[in-house]
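*Asks:* Take a look at the following structure, please.
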Amino acid sequence: MAAILIVEDDPGINELLKRTLEKVGYVSFQAFCGLEALQMLQKKTVDLILLDINLPDMSGFDCMKKIDDIPIICVTARDELSDKVRGLYGGAEDYITKPFDIEELLARIQVVLKRFQKEENGYYIGELFIDVKKRKVLKNQELVALTAREFELLLALISNKNMALSRSRLLDIAWGMDYDGEERTVDVHIQRIRKKLGLEESLKTIFKYGYRLEI
Amino acid sequence: MQMWKKNYLVIITLLACILHLGMYIIVSISYKNDFRREVKGLFYESENLLDFWARQYEEDGARALQSIGQTAMQYADNGIFMSLSSIDSQGLHTEVMNNIPFEQDGITVGEVFDVRREGIYCIGTIQSVSVKDEIMELWYMRDCTVLLQSQYKRILSAVVVSAILTAGLAVFLYKIIKYMYYPVNSIAHELRTPLTNIHGYAQFIKNGKLSEEDIYFAGKQIEEESIHLNEVIEKLLIIGNMREGQIRSEKLEIGKILEELKGNWKNVNVEEPFSTVLGDAVLVRCMFRNLIENAVTYGGSVRIYEEAAVIYISNSGEEVKTEVVEALNRNRALPLKEIKGTGYGVSICHEIAKVHNWKLVYEKGLEGGLTAGLYNLQ
């Protein structure tokens, strides 16, 4: 999985990001100031940086200037348009303001990683292998026939493993934002995925919310 | 755009309009007065002149007309143009003299008119008087180009003065409004950090597959951040109340307050005696709590004592940079790395001291550390 550097001076938020990213399967590193982040980048290979703007020793904008070739998502309380524009022109791939939604943050991380082709090519879950590039699923080396929507749902659940996704979010991912159908449609497709892939135990229903793939 | 900036723009636009309108009214009134004076002079001069000539004509007859004509021509050098004619009983016009540069029709006797041609601006009138069996008619025009030009200059000066005043006011108001809204701006940032924690950990609990440790940690974070959030709100409410001037005044024994407060920290030495002062108990307690808390946070042991009606709270921590001391005294925002809390403590202390007419001054300690002195207590 991709390695993400968290640069955030508030220990609580830094820890929240670390725990969330690790639950989903990312490797994460923590830095609490700009200098620490720059030093860490010399030692570690990082695929993405989550960067706060208000850092104790230097501003995130200054820190950004010293970083090359690594995509950055600004995660900050500064929600003024001028800051957003400055961040994006300064080289950030995305800009998210506090307080943020974990689901949204994870979605943005995935989009940026995909854009930089740093997403996973495949995932192993027990006897299953999900080939992302070829869009096929093998169970004990045998191909399992999934519809396009079932595959999208599975992919969303895997890339957010151990974190619940709401029905509406799953509906958006597999059917698109314009789909007006009922959220219960998701339930039918999840049932089918469970049966086809034998995920009855690990693909949990979260009461009144959605589903979570527990690995 | 932030709300305070919108408010600022509205206020400054209104002020600029009022200022420009005011200047326009002043300039207009002043021009109207000058013009009225000119018209008054015009009537006065033309009436007197015609009366004088009429008497001359009555006495000397046609002989007078020649000298009248010559005199009238000399007036032209002073920017006064005239046309004098006599009308007999059969309505026959005889022109005595005429040096009026512009033709003007449709004017009746006693009426004021103005003409603007070839860069010259004139105002004029017609006067008539009966002499023998004739009527003498005088067209009298005065060159008022200078008046008009001075009005143009006045308008230009008014625009320049209004623009300078507006710019000055704009800068002044910007600073004032920014200062007034400073706490509001900071609130957003100050509240967002604990809110992000609470919101994030709540989602973490709701969505994540969590271990016992995860649940405990997230719960602890939410609890701690709620307390932090409450502290920030309380401090902001205190600032809000003070700005509205809601303070009560009563006799306070500072020694008692300090004795009660010192139990919250170790290494705080309260050296009696202390004066009795007049003030708001809640605010004074809050101020001393913040001052002691800051002194403790910045290290070493804390000593509180009174000398010559000044209460000092000093600590024996590391030496503090001069620019930090200056920032503390000017109630200016400190660099983030120098702040070890919400950053509102010092600001609140200054506000509380100010509403009591006291003065809070920070100084470098003689052997390191920082000393806060509370002056003007009496």
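*Asks:* When you look at B:PHE81, is it away from chain A (no Cβ under 14 Å), open to solvent by 80 Å² or more (accessible area, probe 1.4 Å) and hydrophobic (A, V, I, L, M, F, W, C), yes or no? Before the answer, list the steps.
*Replies:* Details: away from chain A (no Cβ under 14 Å): yes; open to solvent by 80 Å² or more (accessible area, probe 1.4 Å): no; hydrophobic (A, V, I, L, M, F, W, C): yes.
When the stated conditions are applied, B:PHE81 does not pass them.
*Asks:* Please find, within segment A:37-54, the residue that is farthest from the other protein chains (Cβ to nearest Cβ) out of those that are in contact (Cβ under 8 Å) with a residue 12 or more places away in the chain and open to solvent by 10 Å² or more (accessible area, probe 1.4 Å). Even if it seems obvious, please write down each step before you answer.
*Replies:* Kept after step one, since they are in contact (Cβ under 8 Å) with a residue 12 or more places away in the chain, are these residues of segment A:37-54: A:37-38, A:40-41, A:44-54.
This time we only want the ones that are open to solvent by 10 Å² or more (accessible area, probe 1.4 Å), so: A:38, A:40-41, A:44-47, A:54.
On the way: A:LEU38: 16, A:MET40: 19, A:LEU41: 21, A:LYS44: 24, A:THR45: 26, A:VAL46: 22, A:ASP47: 22, A:ASN54: 7 Å.
Checking each candidate, the answer is A:THR45.
*Asks:* Let me ask something additional. Answer with yes or no whether B:GLY61 is of a type outside the set (Asp, Glu) and within 50 Å of the chain's Cα centre (by Cα). Break it down stepwise before answering.
*Replies:* Details: of a type outside the set (Asp, Glu): yes; within 50 Å of the chain's Cα centre (by Cα): no.
Answer is no for this residue.
*Asks:* Hey, another quick one. Yes or no: segment A:126-143 includes at least one residue that is outside any helix (DSSP H, G or I), open to solvent by less than 20 Å² (accessible area, probe 1.4 Å) and within 14 Å of chain B (Cβ to nearest Cβ).
*Replies:* Looking through segment A:126-143, none of the residues is outside any helix (DSSP H, G or I), open to solvent by less than 20 Å² (accessible area, probe 1.4 Å) and within 14 Å of chain B (Cβ to nearest Cβ).
*Asks:* Next question. Have a look at B:TYR201, B:TYR140 and point out the one that is touching a helix residue (DSSP H, G or I) at 6+ places or on another chain (Cβ under 8 Å), touching a residue at least 12 places away in the same chain (Cβ under 8 Å) and within 14 Å of chain A (Cβ to nearest Cβ).
*Replies:* Just one listed residue meets the conditions, B:TYR201.
*Asks:* Would you check if B:ARG192 is buried (at least 16 other Cβ atoms within 10 Å of the Cβ), basic (Lys, Arg) and touching a residue at least 24 places away in the same chain (Cβ under 8 Å)? Outline the logic, then answer.
*Replies:* On the way: buried (at least 16 other Cβ atoms within 10 Å of the Cβ): yes; basic (Lys, Arg): yes; touching a residue at least 24 places away in the same chain (Cβ under 8 Å): no.
In short, no.
*Asks:* In segment B:325-378, what residues are charged (D, E, K, R), modelled with pLDDT of 75 or more and in a loop (DSSP other than H, G, I, E, B)?
*Replies:* Initially, segment B:325-378 is screened for residues charged (D, E, K, R), giving B:326, B:330, B:332, B:337-338, B:340, B:351, B:354, B:359, B:363-364, B:367.
Retained after the next criterion (residues that are modelled with pLDDT of 75 or more): B:326, B:330, B:351, B:354, B:359, B:363-364.
The one that is charged (D, E, K, R), modelled with pLDDT of 75 or more and in a loop (DSSP other than H, G, I, E, B): B:ARG330.
*Asks:* Out of all the residues in segment A:23-31, is one or more open to solvent by less than 30 Å² (accessible area, probe 1.4 Å), at pLDDT below 95, closer than 20 Å to B:ASN197 by Cβ and within 12 Å of chain B (Cβ to nearest Cβ)?
*Replies:* Scanning segment A:23-31 turns up at least one residue that is open to solvent by less than 30 Å² (accessible area, probe 1.4 Å), at pLDDT below 95, closer than 20 Å to B:ASN197 by Cβ and within 12 Å of chain B (Cβ to nearest Cβ).
*Asks:* Please indicate, with yes or no, whether at least one residue in segment B:8-26 is among the aromatic types (Phe, Trp, Tyr) and in a helix (DSSP H, G or I). So that I can check it myself, show each step before the final result.
*Replies:* So the first thing to find is which residues in segment B:8-26 are among the aromatic types (Phe, Trp, Tyr), and the list is B:8, B:24.
Next cut, in a helix (DSSP H, G or I) only: B:8, B:24.
Checked segment B:8-26: at least one residue is among the aromatic types (Phe, Trp, Tyr) and in a helix (DSSP H, G or I).
*Asks:* Can you name every residue in segment A:131-159 that is touching an Asp or Glu at 6+ places or on another chain (Cβ under 9 Å) and at pLDDT 90 or above?
*Replies:* Result: A:VAL137, A:LEU138, A:LYS139, A:ILE158.
*Asks:* A further question follows. Please work out which one of (1) open to solvent by 80 Å² or more (accessible area, probe 1.4 Å); (2) of a type in the set (Val, Ile, Thr); (3) more than 23 Å from B:ALA167 (Cβ to Cβ); (4) in contact (Cβ under 8 Å) with a residue 40 or more places away in the chain is the condition B:ILE26 fails and give its number.
*Replies:* Single failed check for B:ILE26: (3).
*Asks:* Here's something else I'd like to know. Mind telling me which of the residues A:LYS204, A:LYS208, A:LYS196 ends up being of a type outside the set (Asp, Glu), within 11 Å of chain B (Cβ to nearest Cβ), within 22 Å of A:ASN162 (Cβ to Cβ) and more than 20 Å from the chain's Cα centre (by Cα)? Explain how you work it out, then say what you get.
*Replies:* Working: A:LYS204 fails: more than 20 Å from the chain's Cα centre (by Cα); A:LYS196 fails: within 11 Å of chain B (Cβ to nearest Cβ).
That would be A:LYS208, the only listed residue that is of a type outside the set (Asp, Glu), within 11 Å of chain B (Cβ to nearest Cβ), within 22 Å of A:ASN162 (Cβ to Cβ) and more than 20 Å from the chain's Cα centre (by Cα).
*Asks:* Could I ask something else about it? Taking B:VAL184 as the residue in question, decide whether it is within 24 Å of B:VAL355 (Cβ to Cβ) and modelled with pLDDT under 90.
*Replies:* Numbers: within 24 Å of B:VAL355 (Cβ to Cβ): yes; modelled with pLDDT under 90: yes.
For B:VAL184, the condition - within 24 Å of B:VAL355 (Cβ to Cβ) and modelled with pLDDT under 90 - is met.
*Asks:* Filter segment A:80-124 down to the residues that are within 14 Å of chain B (Cβ to nearest Cβ) and aliphatic (A, V, I, L, M), then identify the one that is surrounded by the most Cβ atoms within 10 Å (Cβ to Cβ). Let's see the steps before the verdict.
*Replies:* Looking only at segment A:80-124, we keep the residues that are within 14 Å of chain B (Cβ to nearest Cβ), and these are A:80-85, A:96-107.
Now restrict to residues that are aliphatic (A, V, I, L, M): A:81, A:85, A:96, A:102, A:105-107.
Values: A:LEU81: 8, A:VAL85: 11, A:ILE96: 18, A:ILE102: 25, A:LEU105: 20, A:LEU106: 21, A:ALA107: 18.
Among those that are within 14 Å of chain B (Cβ to nearest Cβ) and aliphatic (A, V, I, L, M), it is A:ILE102.
*Asks:* Here is a follow-up. Which count do you get for residues in segment B:257-316 that are in contact with a Ser or Thr (Cβ under 8 Å, 6 or more places away or on another chain) and part of a helix (DSSP H, G or I)?
*Replies:* Qualifying residue count, segment B:257-316: 1.
*Asks:* Tally time: how many residues in segment B:1-23 are among the aliphatic types (A, V, I, L, M) and surrounded by 14 or more Cβ atoms within 10 Å (Cβ to Cβ)?
*Replies:* Within segment B:1-23, the subset among the aliphatic types (A, V, I, L, M) is B:1, B:3, B:9-12, B:14-16, B:18-19, B:21, B:23.
Subset that is surrounded by 14 or more Cβ atoms within 10 Å (Cβ to Cβ): B:11-12, B:15-16, B:19, B:23.
Residues flagged as among the aliphatic types (A, V, I, L, M) and surrounded by 14 or more Cβ atoms within 10 Å (Cβ to Cβ) within segment B:1-23 amount to 6.
*Asks:* If you don't mind, another one. Quick one: which residue in B:GLU45, B:GLU58, B:GLU95 is touching a residue at least 60 places away in the same chain (Cβ under 8 Å), closer than 18 Å to B:ILE135 by Cβ and open to solvent by 50 Å² or more (accessible area, probe 1.4 Å)? Talk me through it step by step, then tell me what you get.
*Replies:* Values: B:GLU45 fails: closer than 18 Å to B:ILE135 by Cβ; B:GLU95 fails: touching a residue at least 60 places away in the same chain (Cβ under 8 Å).
Result: B:GLU58 is the single residue among B:GLU45, B:GLU58, B:GLU95 that is touching a residue at least 60 places away in the same chain (Cβ under 8 Å), closer than 18 Å to B:ILE135 by Cβ and open to solvent by 50 Å² or more (accessible area, probe 1.4 Å).
*Asks:* From B:LEU42, B:LEU15, which residue is under 20 Å from B:VAL161 (Cβ atoms) and either of a type in the set (Val, Ile, Thr) or at pLDDT 90 or above (or both)? It would help to see each step written out before you state the result.
*Replies:* Numbers: B:LEU42 fails: under 20 Å from B:VAL161 (Cβ atoms).
Selected residue: B:LEU15, the only one of B:LEU42, B:LEU15 that is under 20 Å from B:VAL161 (Cβ atoms) and either of a type in the set (Val, Ile, Thr) or at pLDDT 90 or above (or both).
The values are calculated or read from the model by the stated rules, or taken from the named source; none is laboratory data. In this text the structure is predicted, and so the values were computed from the model without any measurement. Positions of Cβ are generated from backbone atoms using ideal geometry, with glycine treated the same way; all protein chains shown enter the neighbour counts. Surface accessibility is based on the protein's heavy atoms, side chains included, excluding ligands, DNA and RNA. Shrake-Rupley method; radii C 1.70, N 1.55, O 1.52, S 1.80 Å.
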